[in-house]
Amino acid sequence: MSVLRRRAVLAGTVAATLGVPTIATSQNADWPKGPIKFIVPFPPGGSTDPIARIIQAKLIELNGWNVVVDNKPGGSSVVGAAVAAKSAPDGNTWLIVFDNHILNSIWTPALPYKDSELMPVMQIGRSAQGIAAYPTRPYNSFAEVVTAAKAEPGKISVGALAASLAQIFLAFIQKENGFEVNTIPYKGGGPLFQDALAGVTDLSVSSLANMMPHVQAGKLRLIAVTGEKRSKLMPEVPTLAEQGIKAIASYSWWGVYAPAGTPKPIVERMHAEIAKAVRSPDVTQKFIDQFDMEIVLNSPAEFAAFTSREQEFWGKVIRDNSLKPE
């Protein structure tokens, strides 16, 4: 898929926020039965957990439902995804994922679940990734990093989460622009930022959601963003494209899945309620302020098509560069 075609597809995905079909009340009048569980396949912290908890609180406020967040960390989200996939398709279990979820079947062929056991419900939103330098390093732009990396291949160290889009994106832009850095994959955001803030790595790549608190505190210097547009949180920092770097727009994103077989009327009702919660002005503002999030809220069919394209594109990058999730 060409860069322009991919950008057009992504733009179309974000623009499509179609309404959910009207649901016959009789089809889900007896739902929910008991507590609704949001499985988060990560520990507390990061971005997926607080996003799930903000939506949880608003659903309780709007509907009086008993909604609980159940953290099931492990295996780069594999453990929690497997629990959700094997849960009863009764509308009481939902999975809140980060973008790395769609890569699990590529990194780990012998998963304890099949992709087909989880049905896409919606993409909540997306946020560009950021590239930041330790403040004492001599890089004020990513273009300067590329120049230095071409002069001394492999010398500059860049931290990124293992088995993440950030790791794959780094491989992609190196190949497209003819430079080489030393990519260091980390098992979690804690270790990644511990080393980034200590100056162990020269650069770090992460979602702006996780990076911005450190940038705003002056502990890291943001030198580029990977989206099509500049971040509202730091509009003075140019995109990679503005710096003359050959790259496609790349985003971290968050989404919702349900166990396959969950009745369509229930999926439609939950889709509508989550959309209502996220569109609430206070929730939207939190997502913008805390995660620099662009709200998406696409339909199940649109979300399924989006994830299929993402798997195909980034899977090719993984294979072409012989990447490993470690």
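The values are calculated or read from the model by the stated rules, or taken from the named source; none is laboratory data. Since this is a predicted model, take the numbers as computed values, not measurements. Don't worry about glycine lacking a Cβ; one is built from the backbone with ideal geometry, like all the others, and counts go over all protein chains shown. Please note that ligands, DNA and RNA were not included when accessible areas were found on the heavy atoms of the full protein model with its side chains. Shrake-Rupley method; radii C 1.70, N 1.55, O 1.52, S 1.80 Å.
Points worth noting:
- Subset of region 104-132 (residues that are under 30 Å from Val200 (Cβ atoms) and either in a loop (DSSP other than H, G, I, E, B) or touching a Ser or Thr at 6+ places or on another chain (Cβ under 8 Å) (or both)): Asn104, Trp107, Thr108, Arg126, Ser127, Ala128, Gln129, Gly130, Ile131, Ala132
- Pairs, first open to solvent by less than 60 Å² (accessible area, probe 1.4 Å) in region 216-243, second among the polar types (S, T, N, Q) and not in a loop (DSSP other than H, G, I, E, B), C-beta under 6 Å, six or more apart: Val225/Thr239; Thr226/Gln129
- Test: residue in region 107-121 that is in contact with a helix residue (DSSP H, G or I) (Cβ under 8 Å, 6 or more places away or on another chain), open to solvent by 30 Å² or more (accessible area, probe 1.4 Å), modelled with pLDDT of 95 or more and aliphatic (A, V, I, L, M): yes
- Residues (more than 17 Å from the chain's Cα centre (by Cα), outside any helix (DSSP H, G or I), within 14 Å of Ile131 (Cα to Cα) and of a type outside the set (Val, Ile, Thr)) located in region 166-204: Asp202, Leu203
- Residue in region 136-159 that is in contact with a Gly (Cβ under 8 Å, 6 or more places away or on another chain), of a type outside the set (Gly, Ala, Ser) and assigned to a helix (DSSP H, G or I) present: yes
- Residue that is most open to solvent (accessible area, probe 1.4 Å) [pool: residues in region 53-68 that are among the β-branched types (Val, Ile, Thr) and in a helix (DSSP H, G or I)]: Ile60
- For region 235-269, a residue qualifies if it is in contact with a helix residue (DSSP H, G or I) (Cβ under 7 Å, 6 or more places away or on another chain) and in a helix (DSSP H, G or I), and the qualifying residues are Gln243, Pro265, Ile266, Val267, Arg269.
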